[in-house]
Amino acid sequence: MLLLLGGTPAYAHTALEDATPAPGAKVAAGTDVVALTFKDLNSGVPPKIGMVGADGTTVPVGAPVITDGGTACAAVSPLPVGVVTLTYTITAGDGDAQTSAFQFEVMDGAKPVEPPSACADLSLPAPDTGGAGTVLGLGRTTATAVLAGAVAVIAGGGVVAVRRRRRTGLPAEGGAAE
């Protein structure tokens, strides 16, 4: 009987209600905050927000701060002129991740976009621009782990080479055969 009636859709997913800048908007290059307001943002997991400029370059975005009203506010690096694609991934209350995107245009001479009042008094984390806290574009922790791994591989290779030389009776470099 249930198969004949079909399933009913689940409405537990979080939906984007408003955005600043809005999809299709024309904004000034000085825009430095983005805000996404979601319906039923109750998962406790902040959305992931990413931005890409017209030339394919990633625009750094700070970690979003969630307001009581379900708005995610995030600081962004200066926006490049051209069409910018904003992508967000939100985890719904039922645990499902949803990813969506929209575009807006950054223009010289356009009207500056004011962030919603919900974001006005927040202390937003600055976007990671690859400055002093990074090494070769990686965060310090990641760069340290990569360096430690490389040292371990090189040291391990040296130990294996020494053991092989001893087993085969080859002289060490600079020494004479016994």
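The values are calculated or read from the model by the stated rules, or taken from the named source; none is laboratory data. Worth saying up front: this structure is predicted, and the values here are computed from it rather than measured. As a convention, Cβ positions derive from the backbone with ideal geometry for all residues, glycine included, and neighbour counts pool all protein chains shown. Only protein heavy atoms, including side chains, enter the accessible area calculation; ligands, DNA and RNA are left aside. Shrake-Rupley method; radii C 1.70, N 1.55, O 1.52, S 1.80 Å.
A few remarks follow.
- When residues of the stretch 124-166 are limited to those that are surrounded by fewer than 10 Cβ atoms within 10 Å (Cβ to Cβ) and closer than 16 Å to V61 by Cβ, the one modelled with the lowest pLDDT: G137
- None of P78, P112 is assigned to a loop (DSSP other than H, G, I, E, B), of a type outside the set (V, I, T), open to solvent by 30 Å² or more (accessible area, probe 1.4 Å) and closer than 15 Å to P127 by Cα except P78.
To keep it simple, each residue is scored yes or no on (1) under 22 Å from D55 (Cα atoms); (2) touching a Gly at 6+ places or on another chain (Cβ under 7 Å); (3) not hydroxyl-bearing (S, T, Y).
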{"position": "P80", "(1), (2), (3)": "yes, yes, yes"}
{"position": "L86", "(1), (2), (3)": "yes, no, yes"}
{"position": "T91", "(1), (2), (3)": "no, no, no"}
{"position": "Q98", "(1), (2), (3)": "no, no, yes"}
{"position": "F102", "(1), (2), (3)": "yes, no, yes"}
{"position": "M107", "(1), (2), (3)": "yes, no, yes"}
{"position": "P116", "(1), (2), (3)": "no, no, yes"}
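- Among residues of the stretch 61-75 that are open to solvent by less than 40 Å² (accessible area, probe 1.4 Å), those with a beta-carbon under 8 Å from a residue that is part of a loop (DSSP other than H, G, I, E, B) and among the hydroxyl-bearing types (S, T, Y) at least six positions away or on a different chain give the pairs V61/S77; V65/S123; C73/T67.
- All told, L41 falls short of being under 14 Å from P21 (Cα atoms) and buried (at least 17 other Cβ atoms within 10 Å of the Cβ).
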